[in-house]
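Any read-out appearing in this document is the output of simple, stated calculations on the displayed coordinates, not a laboratory observation. As the structure is a prediction and not an experimental result, all values here were calculated from the model. Virtual Cβ from ideal backbone geometry, glycine too; neighbours counted across all protein chains shown.
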Protein chains: 2
Amino acid sequence: MTDSTGSTPDIEISRRRLLGTVGAAGATGLALGATGGALVQSALSDSPAGSPGSAGSLASLGATRVAFHGEHQAGITDPLQAKGHVLAFDLAPGAGRKEAAALLRRWSDTARRLMAGETAPTADSGIALDAGPSSLTLTFGFGHSFFDRTGLTARRPAALDPLPDFSSDRLDPQRSNGDLWVQIGADDALVAFHALRAVQKDAGEAARVRWQMNGFNRSPGATASPMTARNLMGQVDGTANPRPKDPDFDKRIFVPGAGPGPAEHSWMAGGSYAVVRRIRMLLDDWDKQSLAQQEQVIGRTKATGAPLTGGDEKTALALDKLGPDGKPVIPSNAHARISAPAQNGGAAMLRRPFSYHDGIGPDGTPDAGLLFICWQADPLRGFVPVQRKLDRGDALSEFIRHESSGLYAVPPGPGDGEYVGQRLLEG
Amino acid sequence: MTDSTGSTPDIEISRRRLLGTVGAAGATGLALGATGGALVQSALSDSPAGSPGSAGSLASLGATRVAFHGEHQAGITDPLQAKGHVLAFDLAPGAGRKEAAALLRRWSDTARRLMAGETAPTADSGIALDAGPSSLTLTFGFGHSFFDRTGLTARRPAALDPLPDFSSDRLDPQRSNGDLWVQIGADDALVAFHALRAVQKDAGEAARVRWQMNGFNRSPGATASPMTARNLMGQVDGTANPRPKDPDFDKRIFVPGAGPGPAEHSWMAGGSYAVVRRIRMLLDDWDKQSLAQQEQVIGRTKATGAPLTGGDEKTALALDKLGPDGKPVIPSNAHARISAPAQNGGAAMLRRPFSYHDGIGPDGTPDAGLLFICWQADPLRGFVPVQRKLDRGDALSEFIRHESSGLYAVPPGPGDGEYVGQRLLEG
């Protein structure tokens, strides 16, 4: 933990100055965002044409910027970034609502500045100097325990009630839950690490890290065209994700602005609930399966992600189709069948995960898998019913292990001059 | 560890097919490399123009390819990649020269194919499907213990003699040394992980992983122009690195093709020696120093990397310049002074590190720092004299801790049809 009371360096040189036109991009850039944080895009004008493959031709990666203020927090509907950190904090003994409000104010100030490509408000470590914001997002949420510790129990939504136990869970409580949750994503690893350190420094004496995990996704430009991600099992992952253009997307993912809910929960209007699970993949076991066996477990072809019943990745599953042996072509316990929205009363969540790989575990096998993060307006109509079904009969269960779990209320995006969670903490 | 005896999946679809023109790039691409593996560059022709920041405009990242065959192995003079893995293997009990030769043949076949954007020769895991080679490099070396275990003691060069002890070392033997060493780098994390898994699978029953570490560098395009890297302390790092265009570069970095050395070591002609050290940074302590204190420790300004005596990053240190107080402007124990080649009889090494960050260590502070990797024709004229001086009087020592160490003989690049190390194992 950093000590915010000591003397600390203060880099006075502005990252905006180093970055040339990034500052201007904030004013003139093109807003591309849909429902999430708006993407602001500019080319770094002082980058040389460079040789093919040099940074010059890729400078849009660094310059891409996501807005901090908006209807929803950033990091929910924005494209997956190449690097991510998730971490939870517990309030320090003696810290309450006042200290929490001050911390959220500090975090919001830091997030706003770093996402704009500026230095941190205090004692910038310099790690991100020279780099653009690189699609940096910071996202903040509150865990179930936060409300009791801050005297806000009456304002805790029922949607934050602890998730049910699942029979296949092997959860480590020390890496689960927490009063506060922070998600950081960026397309540059040093930009992401810089934000991580700044968030930890901001915590000061008010909160201490409970757990922290690192993740990654494909780098922009590694594939021929933007496509659905693959996970570390080699599977196309996320095919059935709802899309922001779907007519009911907002209703499924974000808490409605007005409705039947009690007024004391109105601070969550426009917010979302994040379920965060560290899902270890038993890769050595998985890799011993033949390709055909793996495809039976998933219900899709590995190379393209198309259902075993034919078509391409986007083709609907023909769940009733039978093979020559009279059995369903997509097996009754195939992961794709069991997790299909059509099989779950239309339950939908927006999955936005990172892969993780922490080397070799104590058991000699890869400590690797998925930092599963999913977003929904109500976990009881998103994650919970799907996981209940998977827990009972998913052929994939044999090859994965849920090792940690957290559920967080992620408040709406802050308005101008507002900090994240202000409507809860000062409402 | 993977079990190579079980049934394993075999993805028959060619990554080249999925990638469109990457296959053709091998024949028609432009060779850009200097002394190292040649870069082969092509655009992915089927990538859409896309919106700004989309993968379409960045596809050269995926398509960039480094040649496996050549005078030197890849991964020495090639640009730093965004993601890296380093790992060491020990030969299994009972495995000797014959099994080692077969393993190097398998590894070479895998490296040649993956670096060309193809699938692994056997049982590809599918993790890198859809992606181009993304500047993937695989580099292989032999540790001191390899030679006794394979009956090749007479052919072990004196340059592989164990490094001297340094007083500030806090080395973990379980994460040091090893019979065989593999370095993997790529600009896409899944491409790098895919190669890591393939290398582990190839080891089969012949060798087991001794240790494995993950690292990262800045993403191509995150900065306005290609520039020297920064480390997790925020320092510009690598300024004084020798450059391939320097007249004595080859002599300092690569073992000469012919010379006074004994004939039994001719298998290393064109090779290089890698010193690999996990250097933990005590970031919480570092961050408590003021910017001025940090700059005194390093001897350079943090923002630009310029010497405290003025100029820019590339300006020579004015080591004799005194301040108003009569003391050297660059302190006598400043890291930049002590490690300056001019202060070390011209000792030079090519530093090509990755940063690492494995979350929070058991002591509650970041388990983060530098996977220091340096290359030289002779460690006694490269790493050793510089580290001896740093060990005695480097102001930075207080903020870093060498936690592991390895020294490896990295043979020359293989000729067509040859595998890495063949001149040792069959010579």
Give the lysines reachable from residue A:302 as a straight Cα distance under 17 Å; neighbours fewer than 8 places away on the same chain don't count. A:288, A:314
Mean Cα-pair separation over length for segment A:204-347, i.e. relative contact order, pairs under 8 Å, 6 or more apart, %: 16 percent
Using only the alpha-carbon atoms, what does segment A:103-196 span along each of its principal axes? Please give whole angstrom values in decreasing order. 47, 33, 19
Order of A:166, A:147, A:142, A:89 - criterion: other Cβ atoms within 10 Å of each residue's Cβ, fewest first: A:166, A:147, A:89, A:142
Label point distance in nm, residue A:322-residue A:122, each placed 7 Å from Cα along Cα→Cβ: 7.1 nm
Mind checking the log10 I(q)/I(0) for segment B:273-426 at q = 0.09, 0.11, 0.13 Å⁻¹? Debye, one equal scatterer per Cα, no solvent, two decimals. -0.38, -0.54, -0.72
Can you list, shortest first in nanometers, how far residue A:109 lies from the same residue in the other copies, with each label 7 Å from Cα toward Cβ? 6.2
Least to most buried among B:360, B:338 (fewest other Cβ within 10 Å first): B:360, B:338
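Once the other residues with Cβ under 9 Å from the Cβ of residue A:335 are scored (Lys, Arg +1; Asp, Glu -1), what is the net sum?
Every neighbour counted, the sum reads +1.
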Hey, for residue A:318 with labels 7 Å out along Cα-Cβ, what do the inter-copy distances come to in nm, ordered shortest first? 8.0
Per-residue Cβ neighbour rank within 10 angstrom, fewest leading, A:416, A:394, A:285: A:416, A:285, A:394
I need the inter-copy label distances for residue A:241: point set 7 Å along Cα to C-beta, values in nm with one decimal, smallest first. 3.3
Quick check: net charge around residue A:181, other residues with Cβ under 12 Å of its Cβ, Lys/Arg +1 and Asp/Glu -1? -1
For peptide A:60-71, what's the mean number of Cβ atoms from other chains within 10 Å of each residue's Cβ? 3
Efficiency of FRET between residue B:174 and residue B:292 - r from beta-carbon atoms, R0 51 angstrom, step 0.05: 0.80
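How charged is the neighbourhood of residue B:89? Take every other residue with its Cβ under 11 Å from the Cβ of residue B:89, and add Lys/Arg as +1 and Asp/Glu as -1.
-1
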